[in-house]
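The values are calculated or read from the model by the stated rules, or taken from the named source; none is laboratory data. Note that the coordinates shown come from a computational prediction; the quantities given were computed from them, not determined experimentally. In this analysis, Cβ positions are derived from the backbone assuming ideal geometry, glycine residues included, and neighbour counts consider all displayed protein chains. We work out accessible area using only protein heavy atoms, side chains counted, and drop any ligands, DNA or RNA first. Shrake-Rupley method; radii C 1.70, N 1.55, O 1.52, S 1.80 Å.
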Amino acid sequence: MAEGLRERKKRQTRQHLSDVATGLFLERGFDAVTIAEVAAAADVSVNTVYNYFPAKEDLFLDREDDAVGWLAAVVRGRPAGESAARAVLRALRAETVAVSPRLGLVDGYDRFMRVIGESQALRSRVLDMRRRATEALTAVLAQERGDDDLLPELVASQLGWIQSHVVEFVQRELTAGRSAAETSRAVLVLLDEIEDLLSEKLLAYAVA
């Protein structure tokens with residue numbers, strides 16, 4: 001369905017607010033910038049900012065829903081014959097080869113992560129996002145398998161750790177001065193090492 005004028009204007013306004021806020025946060029730090037300052041810089045009212053972003057953290061982490069739902073979406077959409085773990089590994093490799101921003105594979109992304117590292121509020125939000133991503137994947141696995149035991153949660157936690165470890169590895173490499181392209185090649189090696197460490201039980205769990 002084609003996007004209507006009203007929806008397009010709302011999307012553009014939301015993106016404008018996030019872009020303006022992110023620029024201020026990168027320049028001065030998350031905790032040093034107020035919503036009123038974001039509103040003034042974007043030439044809108046404070047109420048307008050809150051209409052689009054209920055919390056200040058939402059301005060910086062404006063793609064939170066996509067990040068939280070990614071693991072569950074990958075597993076839910078895997079082809080027949082593929083296990084949950086192999087689906088996640090395949091998707092992570094594809095994102096890595098594409099030098100995807102989803103994994104933080106963007107030159108200069110270390111500045112973004114530095115803002116998060118300097119703010120307790122943002123660090124707490126990121127941890128909560130990881131928890132919700134694991135819960136969403138657990139729900140998918142439990143529904144598919146009909147398991148009453150702990151396996152869906154245990155597997156989801158393992159797969160969530162893999163994604164988190166890859167993202168943290170990317171952050172360290174970029175902070176060390178490596179380019180996104182160089183880091184991408186290193187991530188592929190890392191994913192091979194991770195796969196070698198996984199048990200056959202995990203790799204064979206939840207075959208579609």
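Within the stretch 45-87, the set of residues being hydroxyl-bearing (Ser, Thr, Tyr) and touching an Asp or Glu at 6+ places or on another chain (Cβ under 9 Å) comprises just one member, 52. In the stretch 188-206, the residues that are acidic (Asp, Glu) form Cβ pairs under 6 Å with partners that are open to solvent by less than 60 Å² (accessible area, probe 1.4 Å), at six or more places apart or across chains, as follows: 195/89.
Evaluate the stretch 98-116: report whether one residue or more is among the small types (Gly, Ala, Ser), modelled with pLDDT of 95 or more and in contact with a Lys or Arg (Cβ under 6 Å, 6 or more places away or on another chain). No; the residues of the stretch 98-116 include none that is among the small types (Gly, Ala, Ser), modelled with pLDDT of 95 or more and in contact with a Lys or Arg (Cβ under 6 Å, 6 or more places away or on another chain). Taking the criterion of being free of Cβ contacts under 8 Å to residues at least 60 places away in the same chain, among the acidic types (Asp, Glu) and more than 13 Å from residue 13 (Cβ to Cβ), the residues of the stretch 32-59 that qualify are 37, 58.
Sub-6 Å Cβ pairs linking a first residue in the stretch 110-138 that is open to solvent by 50 Å² or more (accessible area, probe 1.4 Å) to a second residue that is of a type outside the set (A, V, I, L, M) and part of a helix (DSSP H, G or I), at least 6 apart or interchain, are 130/164, ordered by first then second residue. Residues in the stretch 1-16 that are open to solvent by 60 Å² or more (accessible area, probe 1.4 Å) and either among the small types (Gly, Ala, Ser) or not in a helix (DSSP H, G or I) (or both): 3 in all. Looking at residue 155, is it among the β-branched types (Val, Ile, Thr) and more than 18 Å from residue 102 (Cα to Cα)? Taking the combined requirement at face value, the residue satisfies it.
Can residue 146 be described as more than 21 Å from residue 115 (Cβ to Cβ) and either loosely packed, with under 14 Cβ neighbours inside 10 Å or of a type in the set (Lys, Arg) (or both)? For residue 146, the condition - more than 21 Å from residue 115 (Cβ to Cβ) and either loosely packed, with under 14 Cβ neighbours inside 10 Å or of a type in the set (Lys, Arg) (or both) - is met. Checked against (1) more than 18 Å from the chain's Cα centre (by Cα); (2) closer than 12 Å to residue 96 by Cβ; (3) among the polar types (S, T, N, Q), residue 163 passes all but a single condition, namely (1).
Residue check: residue 97 meets all listed conditions (1) among the β-branched types (Val, Ile, Thr); (2) within 27 Å of residue 204 (Cα to Cα); (3) open to solvent by less than 50 Å² (accessible area, probe 1.4 Å) but one, namely (3).
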